[in-house]
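To keep things clear, I will list the structure first and then write my remarks on it.
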Amino acid sequence: MTDVITLGWRERLALPSLGIPVLKAKLDTGARSSSLHVEWLEVDERPDATWLRFQVRTTRRGGVSEPCVAQAIGRRGVTDSGGHSTLRWFIHADVELAGQSFRVEVNLTDRGRMLFPLLLGRTALEGRFLVDPSLSYSQTPRRAVREPT
């Protein structure tokens, strides 16, 4: 049997495909999909595909990424924990967490009132990690980056 890495309910990770070296994430086994907070979003319809340009807030105190660009993989309805359904854009994003690199589907939304800019849902966690809610920030990000306060 393969050893499964146990993580805390919140962890720091990187999104290298979006140029984000460190980001706080809430690991939520109750949420099916993963959600990323974006400050703004522009849609660019091209003949070959739909591309999204957006900016990620990396800290609660206003740190922002450089503008990100990603190809849209679709737009689907997502129902939040309060039962409200919204139509959201989805992209693929590479994640680096606990020494592993993997690709996940992430929807882009306004999480400005939430404590964490990224919610990593059970689809991203399944088969890779166990979540122990008594742990918090149990892993050190692979990239040695000083986190803003």
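The values are calculated or read from the model by the stated rules, or taken from the named source; none is laboratory data. As the structure is a prediction and not an experimental result, all values here were calculated from the model. In this analysis, Cβ positions are derived from the backbone assuming ideal geometry, glycine residues included, and neighbour counts consider all displayed protein chains. These area figures cover heavy atoms from the full protein model, side chains too; ligands, DNA and RNA do not enter into them. Shrake-Rupley method; radii C 1.70, N 1.55, O 1.52, S 1.80 Å.
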Which whole-number percent gives the relative contact order of the chain, counting Cα pairs below 8 Å spaced six or more residues apart?
37
With the cut-off at 29 Å, report for the chain the share of all Cα pairs above it, as a whole percent.
13
For the stretch 5-127, which whole percent of the accessible surface, found with a 1.4 angstrom probe, sits on carbon and sulfur atoms?
46
Integer Hz, Karplus 6.51/-1.76/1.60 couplings in order for the stretch 32-41, x for Gly and Pro:
6, 9, 9, 10, 10, 6, 10, 6, 8, 9
Report the relative contact order of the stretch 90-138, percent, no decimals, based on alpha-carbon pairs under 8 angstrom and at least 6 residues apart.
25
Collect residues whose amide H, placed 1.01 Å from N in the peptide plane, falls under 5 Å from the amide H of Glu39; neighbours closer than 5 in sequence don't count.
Gln55, Val56, Arg57
Vicinal HN-Hα couplings computed from phi for the stretch 119-131 (Karplus, 6.51 cos²θ - 1.76 cosθ + 1.60; Hz; Gly/Pro x)
10, 9, x, 5, 5, 6, 8, 4, x, 10, 9, 9, 10
Neighbourhood net charge (9 Å Cβ-Cβ; Lys/Arg +1, Asp/Glu -1) for Arg88:
+2
